[in-house]
Amino acid sequence: MAEKKPFVLRLQPEMLKALEKWAADDFRSVNGQIEYLLQKALLDSGRSKQKKNG
């Protein structure tokens, strides 16, 4: 797996609360949920080198 680079992300409190709930519902950490959503957006827009599964 490639090295991950940390960075600061500022969110509105309401958005963070919604992400925390969504992550818990999907059995992910908030960081994992954000990574999942960003990867999905990249794949859906054709901006990722990885191929879509399915």
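The values are calculated or read from the model by the stated rules, or taken from the named source; none is laboratory data. The structure presented is a predicted model; accordingly, all values stated were derived computationally and were not measured. When we count neighbours, we look across all protein chains shown, and the Cβ atoms used for this are built from the backbone with ideal geometry, even at glycine.
When Gln12, Gln33, Gln50 are checked against the criterion of being surrounded by fewer than 11 Cβ atoms within 10 Å (Cβ to Cβ) and modelled with pLDDT of 95 or more, a single residue qualifies: Gln12.
For Glu3, indicate whether it is assigned to a helix (DSSP H, G or I), exposed (fewer than 10 other Cβ atoms within 10 Å of the Cβ) and free of Cβ contacts under 8 Å to residues at least 60 places away in the same chain. Taking the combined requirement at face value, the residue does not satisfy it. Of all the residues in region 2-26, those that are of a type in the set (Phe, Trp, Tyr) and over 13 Å from the mean Cα position of the chain (by Cα) number 1. Is it true that some residue in region 29-43 is in contact with a helix residue (DSSP H, G or I) (Cβ under 7 Å, 6 or more places away or on another chain) and not in a helix (DSSP H, G or I)? Yes: one or more hits.
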